[in-house]
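Input: a single structure, listed below in structure tokens.
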Number of protein chains: 2
Amino acid sequence: MSTSRLIYLPLGGAGEIGMNCYVYGYGPADAERLIVVDLGVAFPDMDGTPGVDLILPDVAWLEERRNQIDGIFITHAHEDHVGAVGHLFERLGAPIYARAFTANIARRKLSEYGFSERTVTTTEPWPHVVESGPFKVGFVPISHSIPESSGLVIDTPAGRILHTGDFKIDETPGVGEPFDPELWASLAKDGVKALVCDSTNVFSNHPGRSEAEVGPEIEKFLSEATGMVAATTFASNIARVRTIAQAADRAGRSVCLLGRSMRRMIEAATETGILSDFPSVVSAEDVPSIPRENVLLLVTGSQGERRAASAQLANGKYMGITMREGDTFLFSSKTIPGNEKGVIRIINQFSEMGVDVVDDSSGLYHVSGHANRPDLETMRDLVKPQTLIPMHGEHRHLREHVKLGEKAGVQGILAVNGMMIDLSGNQPKVAEYIETGRTYLDGSVKIGQFDGIVRDRIRMALNGHVTVTLIVDENDEPLGDPWCEVMGLPEQGSSNAPLVDILEADLGQFLGRAEDRTLADDDKLEKELRTITRRTAMSEIGKKPEVTVVISRLS
Amino acid sequence: MSTSRLIYLPLGGAGEIGMNCYVYGYGPADAERLIVVDLGVAFPDMDGTPGVDLILPDVAWLEERRNQIDGIFITHAHEDHVGAVGHLFERLGAPIYARAFTANIARRKLSEYGFSERTVTTTEPWPHVVESGPFKVGFVPISHSIPESSGLVIDTPAGRILHTGDFKIDETPGVGEPFDPELWASLAKDGVKALVCDSTNVFSNHPGRSEAEVGPEIEKFLSEATGMVAATTFASNIARVRTIAQAADRAGRSVCLLGRSMRRMIEAATETGILSDFPSVVSAEDVPSIPRENVLLLVTGSQGERRAASAQLANGKYMGITMREGDTFLFSSKTIPGNEKGVIRIINQFSEMGVDVVDDSSGLYHVSGHANRPDLETMRDLVKPQTLIPMHGEHRHLREHVKLGEKAGVQGILAVNGMMIDLSGNQPKVAEYIETGRTYLDGSVKIGQFDGIVRDRIRMALNGHVTVTLIVDENDEPLGDPWCEVMGLPEQGSSNAPLVDILEADLGQFLGRAEDRTLADDDKLEKELRTITRRTAMSEIGKKPEVTVVISRLS
């Protein structure tokens, strides 16, 4: 056993918010038995990943060691924790463990890829444990913004690890188990090797508030509103969805669920017995026949997503329902950094319709699902770990969280994606740097972050595209003139003649004086044609486009 | 005179923040004499305007009436108010009026386009007025975040208009004239037809704070910091730049200006006599020889701009200066919505370097340049206008500002870009809707928002691009196989063969069975080749690419 080591390796979620994937290993170096915690996705954007559908962790390192993987443990059913199971299961092939609600969601994802229900084992919460190679893993209920979130107790021959998953300290969370400080203290009573801890809200200085505080405010709001009200939150935030629906019920409003994920989540929560006291709902078809002041729409799209119910209502109509002057739209949610523009677009569209919008700036209608700074300190002080390993955060969050621990005398290590940490000794140390990145799901193909495909797309978006075609005859002589077609470029520039004409003239002139050895050499010829195209475009329109050159040789 | 009317027509800035351009007219309908207030730009982004360099107001309506334009008045030197003068002057050709500092900046922009210094007339502040057709226009000093900001008194035969420009209520603004409530009340004593008023901060409920409150906080901060400190703010915020530099001076730190606009703005402010008490500065070359705790870098890039000094320092080095663990970076600025990602990227890069970052979340190191809600009420109550016309805001801001006025019994009208308002009567009314949009400066060419050019770029970024070339001989028979080249697409898909091979095979198969009349018809043939390419790509890689088809006919 002396040659065995305990390792921690984040492959996603450490140095970013999203795409969580953490590996623990125990055994001889390079032959550890491995478990994976979470397989999440991140979401693409036009800035850096145009055309990409989803961002997945790069699991190449795991795939090469798939025979060493004993299990995959999913802490909760948020997309950034469970979203990649369907896409990546085949490459890892290990059994998946999760609690009932999470397992329900995971199975829906796996079945889309034709995997059997049995790939996922539904697991009872702590004190039940799953034996997985040298690990014993227990799911410890913890409060968050989705039902059945769990921290993990990971017992290893080298000691106990507590992996918090996403959490907040909320003793009245509405749906899901309350945070239980005594339970967490008891888990730690024999010593904890490492606390691997959520860092999202480390910069929020006030203690977190409880879900229970939101309900009365929303009820008051719904009672005072005059027309129809639509409210949005993450569909997976079942507690909030219930809070809003119950407030609506008490305020004399019928609830109508709009948006696929809203209906699907309520379905999953009902199937798994988590939701039993949800008010009865009306269908979209019924809404027009109900007085506006008696309606509450519960809609998807809290982040301004273009296809969600919120965006479609803002565009004018969804499922036959139209909002109008006197109605109100409530964001019972926080805008995730980066989504501001989409959210603001919706707010302005509603403004044009005369619909009042209320956002979370008052703080009355939303509480965060993540532990704030004082709550992170509470967790740390309950657990008293040998080492604090911050996760689920950008670099700035992880660094701040390490500093926060060090102020209280707890050693920490800042491990970002790809940094393998050896936890065997009393002090954690970096064992290795794994080359890792991101995998893009692009249409139906998985491509690598550094394949150059997305880079080319960004370049076409910034610079436009020119196709240059040329036919060369059997004697290596150009047959006719080169032909240009442009896409994403102005039709004319400084010469006040069509850009393609100017390009073709310059290319034709070059060919007229080109040497035989250039004309005979595809590479050389292509390079010259590209250079001239870019140079002429620069002088005509002030841009250097991307160029595809096609030389056809008759033979 | 009874057939004359007074009109207001926003062409930019009403329904958006940026690209300000407001037109006032007086005279017979459709033959009004016109003045233009501000000619600003907006900034492009990857989401909606990839590859675009600047966004300018669409002045087609003005250009068609250039003989009716008597003057262009620039309220202050922010890019969203003065940025388009160089690009659009030629199309309007009217004299430009501005106060000294603004005129200095405007002349620099015009001279880049070869226009004479004399296109801009430097104007003294109120009570001096410029007679411009039927208008008398006076520049009234008002506090904002750039020197010599002015509201305009616009006297017309139909009454007085007060156009606030951008402003805040600050009686101790540091640089620039303090807000003078008595002056504004006196301007209004004989009645004001319309108050055309900044709306940016209508959702900020607390009264605005003064620039004077920032200095002591920054001085304390700089005294307590241990290593080198870099601070960023908008270079044009001369008051803040001076506040920071003076605080540095008192804290025993030498000031080094980094970034072109930072140096240029200080230069303009010094040339025009606005800045006389700026501490002496050191050059970037001198910095390495000064102890780190005695240095303050004043840098550009408060919005995370990729090429600015802040981003380059975050990348590792700028002008030979490297920040490191123990140093601090201060954002003395607010992140404009939409710029969060760029700012967060910089913060994380500094985090990786061990540099602490302090942002404006404490509220200690920044105050806004725009009037908050109570300050907007103060202005309205000072002026008591017949009509309130909100400007400088998105739709949501304008609407809220109208509502705010109506609560106090002041009639308002919500006019967005392109809505011409007739102010002649006691109640404003919409006279006409002008077709207007945005003009994109794209490289060296100006293109229209709806030309389809940017749309094509976005499509290439989302879908990738395929070039299909085909040679057809004299008998309308394909000569050899079609040839495909891809850009921004995966090399292979579901068939595990190169995508281009699959595309070429499918296209070849189609050609083999194509009817003669299809082969003889370029349009028909192109359409078929495009359709097959998109269909095959969809089945191979799950994406429908943009396609350029080039058919070359030998003859």
Residue span A:Arg264 to A:Glu117: 0.36 nm per residue of separation minus Cα-Cα distance leaves a gain in nm of 51.1 nm
Largest first, please: the extent of the C-alpha atoms of chain A along each principal axis, to the nearest Å. 86, 73, 47
Could you sort A:Trp126, A:Trp483, B:Trp61 by accessible area so the largest value comes first, with the probe set to 1.4 Å? A:Trp483, A:Trp126, B:Trp61
Any idea of B:Tyr318's accessible area? Nearest 10 Å², probe 1.4 Å. 40
What angle, in degrees between 0 and 90 and rounded to the nearest 10, separates the Cα long axis of helix B:373-383 from the longest principal axis of the Cα atoms of chain B? 60
Along Cα→Cβ at 7 Å, what distances in nm separate the A:Asn67 label point from those on the other copies, shortest first? 8.9
Alpha-carbon centroids, segment A:143-201 and segment A:240-257: separation in whole Å: 31
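How big is the charge dipole of segment A:504-555 about its Cα centre, in debye rounded to the nearest 20, if each Lys and Arg gets +1 on its Cβ and each Asp and Glu gets -1 on its Cβ?
In total the dipole reaches around 180 debye.
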From other protein chains only, count the Cβ atoms within 10 Å of every residue's Cβ in A:480-487, then give the mean. 3
Give the residue from A:Thr436, A:Gln312, A:Leu398 lying farthest towards the positive end of the charge dipole for chain A; charges sit on Cβ (+1 for Lys and Arg, -1 for Asp and Glu) and the dipole is referred to the Cα centre. A:Leu398
Rounded to the nearest 5, the percent of antiparallel DSSP beta bridges in the protein assembly as shown equals 50
Roughly to the nearest percent, how much of the accessible area of chain B is carbon and sulfur, given a 1.4 Å probe? 46
B:Thr226 - accessible surface, heavy atoms, 1.4 Å probe, Å² rounded to 10: 100
Any chance you could tell me what percent of the C-alpha pair distances in segment A:299-410 go past 16 Å? 67
Label B:Lys189 and A:Lys429 with points 7 Å out from Cα along Cα→Cβ: what is the distance between them in nm? 8.3
Using a simple charge model, +1 on the beta-carbon of Lys and Arg, -1 on the beta-carbon of Asp and Glu, nothing else, what dipole does the protein assembly as shown show about its Cα centre, in debye to the nearest 20? 2160
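Rounded to the nearest 5, what % of the DSSP beta bridges within segment A:211-362 are antiparallel ones?
Bridges in segment A:211-362 that DSSP calls antiparallel: roughly 5 percent.
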Neighbour net charge for A:Ile161 - beta-carbon separation under 9 angstrom, K R +1, D E -1: +1
at B:Glu182 the sorted inter-copy label distances (label 7 Å from Cα on Cβ side), in nanometres, are 7.1
Where does helix A:522-541 land angle-wise versus the long Cα axis of chain A, in degrees 0 to 90, nearest 10? 80
If the cut-off is a Cα-Cα distance under 13 Å, which aspartates and glutamates reach B:Lys384, setting aside same-chain residues fewer than 8 apart in sequence? B:Asp190, B:Glu406
Nearest 10 degrees, 0 to 90: helix B:499-513 Cα axis against chain B principal axis: 50
For A:Asp473, inter-copy label distances in nm, listed shortest first [label point 7 Å out on the Cα-Cβ vector]: 1.5
Rounded, prolate or oblate: which fits segment B:464-553 when a ≥ b ≥ c are the square roots of the eigenvalues of the alpha-carbon gyration tensor, with rounded for a/c under 1.5 and prolate only if a/b beats b/c? prolate
Could you name the aspartates and glutamates in cross-link range of B:Lys543, using Cα to Cα under 15 Å and dropping any fewer than eight places away on the same chain? A:Asp53, A:Asp442, B:Glu491
Cα-Cα over 26 Å: which of A:Lys524/A:Lys544; A:Lys109/A:Lys429; A:Lys193/B:Lys341? A:Lys109/A:Lys429; A:Lys193/B:Lys341
Nitroxide proxy distance, nm - points 7 Å out along Cα→Cβ at B:Ala29 and B:Asp451: 3.5
Please give the average number of partner chain Cβ atoms lying within 10 Å of the Cβ of each residue in A:445-457, rounded to a whole number. 4
Rounding to the nearest 20 debye, state how big the charge dipole of segment B:372-427 is about its Cα centre with +1 on each Lys and Arg Cβ and -1 on each Asp and Glu Cβ. 100
Restraint check, B:Lys189/B:Lys407; A:Lys220/B:Lys407; B:Lys136/B:Lys446, Cα-Cα greater than 29 Å: B:Lys136/B:Lys446
Classify segment A:211-362 as rounded, prolate or oblate from the Cα gyration tensor: take a ≥ b ≥ c as the square roots of its eigenvalues, call it rounded if a/c is under 1.5, otherwise prolate when a/b beats b/c and oblate if not. rounded
I want the local charge near B:Lys189. Using Cβ-Cβ distances under 15 Å, sum +1 for each Lys or Arg and -1 for each Asp or Glu among the other residues. -2
Fraction of antiparallel bridges per DSSP, chain A only, in percent to nearest 5: 50
Using 1/(1 + (r/R0)^6) with R0 = 22 angstrom and r between the beta carbons of A:Glu224 and A:Thr172, what's the FRET efficiency to the nearest 0.05? 0.35
Quick note, segment A:39-134: a/c under 1.5 would make it rounded; otherwise a/b > b/c is prolate and the rest oblate (a ≥ b ≥ c, C-alpha gyration tensor); here it is prolate
FRET E, pair A:Asn315, A:Thr531, Förster distance 35 Å, beta-carbon r, rounded to 0.05: 0.15
Quote the accessible area belonging to B:Lys341 in square angstrom, nearest 10, computed with a 1.4 Å probe and with ligands, DNA and RNA left uncounted. 80
If you take the beta carbon distance between B:Arg91 and A:Arg209 as r and set R0 to 45 Å, what does 1/(1 + (r/R0)^6) give as a FRET efficiency, to the nearest 0.05? 0.20
I need the P(r) histogram for the protein assembly as shown: all alpha carbon pairs, bin width 20 Å from 0 out to the longest distance, whole percents. 11, 35, 38, 16, 1, 0
Over the protein assembly as shown: helical MRE at 222 nm, DSSP H runs n ≥ 4 each giving -39500 (n - 2.57), nearest 500: -9000 deg cm²/dmol
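Mind checking segment A:266-370 for GluC sites (Glu not before Pro) that DSSP puts in a loop (not H, G, I, E or B) and that have at most 14 other Cβ atoms within 10 Å?
Qualifying residues, ordered by number: A:Glu285, A:Glu325.
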B:Asn496 versus B:Ala60: modelled label distance in nm, points set 7 Å from Cα along the beta carbon direction: 5.5
Relative contact order %, segment A:43-103, counting alpha carbon pairs below 8 Å whose residues are six or more apart: 33
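The values are calculated or read from the model by the stated rules, or taken from the named source; none is laboratory data. As the structure is a computational prediction, the values presented were derived from the model and not from experiment. We place every Cβ from the backbone using ideal geometry, glycine too, and count neighbours over all the protein chains shown. SASA here: full protein model, heavy atoms, side chains in, ligands and nucleic acids out. Shrake-Rupley method; radii C 1.70, N 1.55, O 1.52, S 1.80 Å.
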